[in-house]
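These notes are about the structure you will find just below.
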Amino acid sequence: MNKLQNPTRPIFPFTAIIGQEEMKLALILNVIDPKIGGVMIMGDRGTGKSTTIRAIADLLPEIEVVIDDLFNSHVSDYDLMSDTIKKKINQGIQVSTEFIKVPMIDLPLGATEDRLCGTIDIEKALSEGIKTFEPGLLAKSNRGILYVDEVNLLDDHLVDILLDASASGWNIVEREGISIRHPARFVLVGSGNPEEGELRPQLLDRFGMHAEIRTVKDPYLRVQIVEQRSDFDLDPYACMSKFQEEQENLKNNIILAQNKLSDVTIDYDLRVKISEICGALDVDGLRGDIVTNRAAKAFAAYNGNDEVTVNDVKKVIKLCLRHRLRKDPLDTVDSGSKVGQVVDNILGQDSLN
């Protein structure tokens with residue numbers, strides 16, 4: 001039997017997605033280094049945002065988790081381990097593990113804070129002295145991807161909670177003096193249509209990267225995209241088989257980049273140039289500098305290089321800075337163009353291609 005035939009719902013292959021290179025690159029870099037801080041994808045309806053995000057989750061290698069643990073705990077990394085599992089490990093208790101697919105969790109627009117963070121059974125805690133925790137979506141998304149479609153329509157309070165958990169890697173639930181915390185390391189991916197409103201600048205700045213996608217105008221490319229989708233709908237397993245080699249190659253490149261990341265260096269002078277660009281663009285705070293450095297390292301690792309080059313920085317810097325600029329309500333110039341002009345002035349105008 002074809003090994004692609006399985007009871008789970010088939011996912012459109014990531015490598016079969018045509019165009020939208022900005023979005024694909026941002027997602028790949030975030031799975032190589034989740035500390036980049038997630039990605040906000042803004043663009044027209046029907047441009048394949050949800051399809052692409054589900055496809056990258058399906059592409060990723062399986063992860064090893066402790067069996068029957070509520071938080072997908074890692075067996076050896078303390079930062080990705082719940083307090084219960086830490087205690088068992090420290091006491092020398094053997095824990096069993098299994099391999100699962102990387103969690104891909106959708107946050108519905110109507111979700112409550114309890115649904116997101118989890119709940120503590122206060123009655124049982126007070127009467128029996130037992131902390132009973134019902135995990136929320138943050139627990140289930142640990143070591144995975146948390147996807148929020150139409151994040152610009154989500155309640156600001158929930159967006160704050162999401163971004164705090166994403167930045168700290170922990171979720172803390174406190175009720176009536178009882179506190180429970182658990183790891184919540186995930187790649188946060190938000191998407192939305194700018195016609196339905198923008199995120200507040202304070203929240204937008206907390207996303208590591210910002211990808212803009214547009215409807216494809218080229219009629220030949222549009223036909224190719226429609227044919228690709230029709231082929232998948234007609235026989236998904238044949239389509240998946242057709243792209244299996246490309247999928248495996250990309251998966252292997254991501255694994256190699258994850259392993260190589262800690263060894264990648266970035267020259268001091270180039271770091272100064274990055275900060276000079278951020279200063280020239282009047283970017284508030286230092287988050288832009290930090291994310292650009294991280295993303296450039298991830299891109300260098302993805303290309304198998306030990307040191308970040310100027311071209312690596314040029315490739316990622318718009319994604320890292322365009323949403324951090326102060327917006328003039330009367331300014332119609334695309335923020336990416338403004339970043340590009342300053343980058344060319346400071347780093348030179350050598351072609352990336």
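No value in this document is a laboratory result; all are computed from the given coordinates. What you are looking at is a predicted structure, and each value in this text was computed from that prediction instead of being measured. We place every Cβ from the backbone using ideal geometry, glycine too, and count neighbours over all the protein chains shown.
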Practice item. Just subtract the alpha-carbon distance of residue 227 and residue 96 from 0.36 nm times their residue separation and send over the number in nm, one decimal. Key: 42.6 nm
Review point. When the chain is treated as a GNM, springs tying every alpha-carbon pair under 10 Å, which of 115, 185, 294 comes out with the largest mean-square fluctuation?
Key: 115
Study note, to complete from the structure: Under 5 Å from the placed amide H of residue 170, counting only residues 5+ away or on other chains, we find 184
Revision key, fill the gap. Links exceeding 21 Å between C-alpha atoms in this model, out of 297/338; 88/260; 217/315; 101/318; 318/338; 140/318, come to 297/338; 88/260; 217/315; 101/318; 140/318
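Magnitude of the Cβ-charge dipole of the chain, K/R +1 and D/E -1, about the Cα centre, nearest 20 debye?
Roughly 360 debye, rounded to the nearest 20.
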Review point. Going by a ≥ b ≥ c, the root eigenvalues of the Cα gyration tensor, does region 115-246 fall in the rounded group (a/c under 1.5), the prolate group (a/b larger than b/c) or the oblate group?
Key: prolate
Check your understanding: Which of the aspartates and glutamates could a cross-linker bridge to residue 35, judged by Cα under 14 Å and excluding same-chain residues fewer than eight apart?
Key -> 79, 164, 289
Check your understanding: Of (i) 174; (ii) 164; (iii) 123, which is the value of volume of the Cα convex hull per residue in Å³ derived from the coordinates here?
Key -> (i)
Check your understanding: Do you know the relative contact order of region 263-347, to the nearest whole percent, from alpha carbon pairs under 8 angstrom that are 6+ apart?
Key -> 37
Review point. Taking the Cβ of residue 282 as the center, what net charge do the other residues with Cβ under 10 Å away carry, scoring Lys and Arg +1 and Asp and Glu -1?
Key: +1
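Which loop-located GluC sites (Glu not before Pro) does region 98-204 contain, where loop means any DSSP state but H, G, I, E or B and the Cβ has at most 10 other Cβ atoms within 10 Å?
176
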Check your understanding: Once you charge only the Cβ atoms, +1 for Lys and Arg and -1 for Asp and Glu, what is the size of the charge dipole of region 221-334 about its Cα centre, to the nearest 20 debye?
Key -> 300
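With a/c under 1.5 counting as rounded, go ahead and sort region 263-347 into rounded, prolate or oblate using the C-alpha gyration tensor (a ≥ b ≥ c being the square roots of the eigenvalues; past the cut-off, prolate if a/b is larger than b/c, else oblate).
It comes out prolate by the Cα gyration axes.
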Check your understanding: Relative to the Cα centre, what is the charge dipole magnitude of region 149-263, using +1 at the beta carbon of each Lys and Arg, -1 at the beta carbon of each Asp and Glu, and rounding to the nearest 20 debye?
Key -> 380
